[in-house]
Amino acid sequence: SLQTPLPGPDWQPRGSPQGGGTRAFAKRTLTWRLVREGYSSQLSLEEQRYIFRLAFRMWSEVIPLNFLEDLTGPGATIDIKLGFGRGRHLGCPRVFDGIGQEFAHAWHLGDIHFDDDEHFTPPTSSVGISLLKVAVHEIGHVLGLPHTYRAGSIMQPNYIPQGPAFELDWSDRKAIQKLYGSCEGAFDTAFDWIRKDRSHAGQGTARFSTYFFRSGWYWLYENRNNRTRYGDPALILTGWHGVPAQNIDAFVHVWTWGRDERYFFKGNRYWRYDSDRDQAHTEDEQGKRYPRLISEGFPGIPSPLDTAFYDRGKQLIYFFRGSFVFEFDVARNHVLGSRPKKMTEVFPAIEPRDHPFRNLDSAYYSYAHKSVFFLKGNAYWKVVSDGDRRQRPWLPPNGVFPKRSIPETWFDVCDVHASTLSM
Amino acid sequence: ETLFHSRDRSDLAPSPLRRATPIADLRAAQRFLSKYGWAEGRPGAGFAPPGHRSPRRDPPPAGARGAALAQSLRRFQEVNALPASGKLDAATLAAMNRPRCGVPDTRPQLQAQAPSTAPRPRPAPPGPRPRARPRR
């Protein structure tokens, strides 16, 4: 009865994201299908399926869930079923009302219905109701998100017509990650790619882009936005021409006054990348042909490597393998002291026993943080930087701060199902 | 078929039958508030529009119903950044007629019996999904 007094003006619908919603699935890969009896009469079938594939992928880019379109399994085993209908539709007890007002709804057992009387349009169109936006919204419900009136949220109850391109904003990402957690997983390598530019005044400037590589995929990380680029991951094959298509061991950018050399390492070989022509060199200006053996180009360095990074201040490449680190003097082209050192000796732990010790995934110098990070599994250790020592002189040079979790610092670096990779 | 003459069917005039009935009066507004979870009590319960006889008990006195309706309107108006007058004004009716999702505003999904696109067991209690696979 409505007699019961209601909470005050800050009332939020029960179950709203401020209350968090409820996680709906325990497994990591969910299947979906556009049911045969529910094809729309407005868009081609391929367009409908493409838009749904993209809608699922957008959620998959920010949570550790993958979505697979399953066209063959028994209907009862499909986790999320989508369909269009008019009026009384698809055996649903909730009748659609025709053009206007209610355009779709979602059931908690994973059925999503779209009112085919509405004028649904593809993402490129700026008229009608974007099927992509509505699909992302309804999938959000099936995953457990309720409505919210927060401006900018995809989970607002009313359709907000705006430019064709839309993305999940920060708060929607945090709301769904509250239900399903953040994405984890080890990287093969991480690095900042320097691009040289000219300012308007003709002055030389340098910009950097941060990349994470895993298996055959990579993400560009937008440090200023605290997220990966919309639409990543992408295939290494498509973004980096002439280097191995997966499982890269290391990247090193030797950058001094006289040198600007970028090397990818895998196994016992290495490739030099031509930044201007955006492809690997086959032969560089010194007549060296690539790929080359690491032992040729870097005498005394073993392979395969775990990882490596270049210290511009010391003009040293640190090559890591097992529990050892090789300090390679790029000017003299040999290993300092002609022998490796223990990683714990060169990079001592600040907290006893809180150290990666061996088998790093990646040693990454970040221009955004002006620090080196050791990445291993889902954790990272930050190396004491010059800035840290100016503030806290007692810190040991190259000391290693205690371990933290990667998703605490780099957000939304999520896999997607391989079937949706090259969308 | 729905009549059209242009090759690209751009003149496919939607039949007037298929247009949603505008929410234009108090009764329709009450149905809207009830349908989308703005009436308190059992989610989606809503208040009985005037003249409705609840089977189990006498309807609340008209005054209480009016106060309850005004309260529900105020809540709906607040979240839609409208003046929380508690009165059904034009701006509130316009907000009710905007294209929207059919899921109530106070729950993550529709909770009634799932549609029969695939016969499924009784709706699971809210919370983690039942482990067992739904029987056909």
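Quick note: the coordinates plus some simple rules give every number you see, no bench work behind them. What you see is a predicted model, and the numbers here were worked out from it, not measured in a lab. Glycine gets a Cβ as well: all are built from the backbone with ideal geometry, and neighbour counts include every protein chain shown.
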## Note on the structure
One can check that the equivalent ellipsoid of segment A:291-423, built from the alpha-carbon gyration tensor with semi-axes equal to the square roots of five times its eigenvalues, has lengths in Å, largest first, of 25, 23, 14
### Query
Given only helices, namely DSSP H runs of n ≥ 4 each adding -39500 (n - 2.57), what is the per-residue ellipticity at 222 nm of chain A, to the nearest 500 deg cm²/dmol?
-3500 deg cm²/dmol
### Two-decimal Rg to Rh for segment A:353-423 - Kirkwood Rh, Cα set
1.09
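Taking a cut-off of 29 Å, what percent of all Cα-Cα pairs in chain A are separated by more than that?
On the way: 48945 of 89253 pairs.
I get 55 percent for the Cα pairs in chain A exceeding 29 Å.
If you build the convex hull over the alpha carbons only and average its shadow over all orientations, what do you get for segment A:183-284? Give it in nm² to one decimal. Write down the numbers at each step before the final one.
On the way: hull surface 31.9 nm².
For segment A:183-284, the mean projected area of the Cα convex hull comes to 8.0 nm².
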### Task
Search the structure for amide H atoms under 5 Å from the amide H of residue A:405, placed 1.01 Å from N in the peptide plane, and list their residues when 5 or more places away or on another chain.
A:380
#### Entry: For residue A:189, residues with placed amide H under 5 Å, excluding near neighbours
A:213
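Any of A:174/B:87; A:27/A:133; A:81/A:403; A:27/A:342 with alpha carbons more than 31 Å apart? Name them for me.
Numbers: A:174/B:87 36 Å; A:27/A:133 25 Å; A:81/A:403 42 Å; A:27/A:342 42 Å.
Distance filter (> 31 Å) returns A:174/B:87; A:81/A:403; A:27/A:342.
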## Note on the structure
Charge tally for neighbours of residue A:264 with beta carbon under 13 Å away, counting Lys, Arg as +1 and Asp, Glu as -1, is +1
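Using every Cα-Cα pair within segment A:226-295, state what percent have a distance larger than 16 Å. Don't jump to the answer; show the numbers that get you there.
Numbers: 1279 of 2415 pairs.
Considering segment A:226-295, 53 percent of its Cα-Cα pairs are separated by more than 16 Å.
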### Query
Given H placed 1.01 Å from N in the peptide plane, which residues other than close sequence neighbours of residue A:334 have an amide H under 5 Å from its amide H?
A:329
### Query
Taking one equal scatterer on every alpha-carbon of segment A:81-131, how large is log10 of I(q)/I(0) by Debye at q = 0.15 1/Å?
-0.39
### Task
Would you mind pulling out the separation of the Cα centroids of segment A:179-228 and segment A:243-287, in Å?
17
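From the gyration tensor of the Cα coordinates in segment A:43-163, what semi-axes in whole Å does the equivalent ellipsoid have, largest first, with each one equal to sqrt(5λ)? Could you put the intermediate results ahead of the total?
Values: eigenvalues 80, 67, 47 Å².
Gyration-tensor ellipsoid for segment A:43-163: 20, 18, 15 Å.
Give, to the nearest whole percent, the P(r) tail of segment A:55-111 beyond 16 angstrom, counting all Cα pairs. If you can, show how the numbers build up before the last one.
Values: 907 of 1596 pairs.
Of all Cα-Cα pairs in segment A:55-111, 57 percent lie more than 16 Å apart.
Within segment A:271-423, what percent of beta bridges assigned by DSSP are antiparallel, to the nearest 5? Intermediate results must be reported in sequence, preceding the final value.
Numbers: 30 of 31 bridges.
Beta bridges within segment A:271-423, antiparallel portion: roughly 95 percent.
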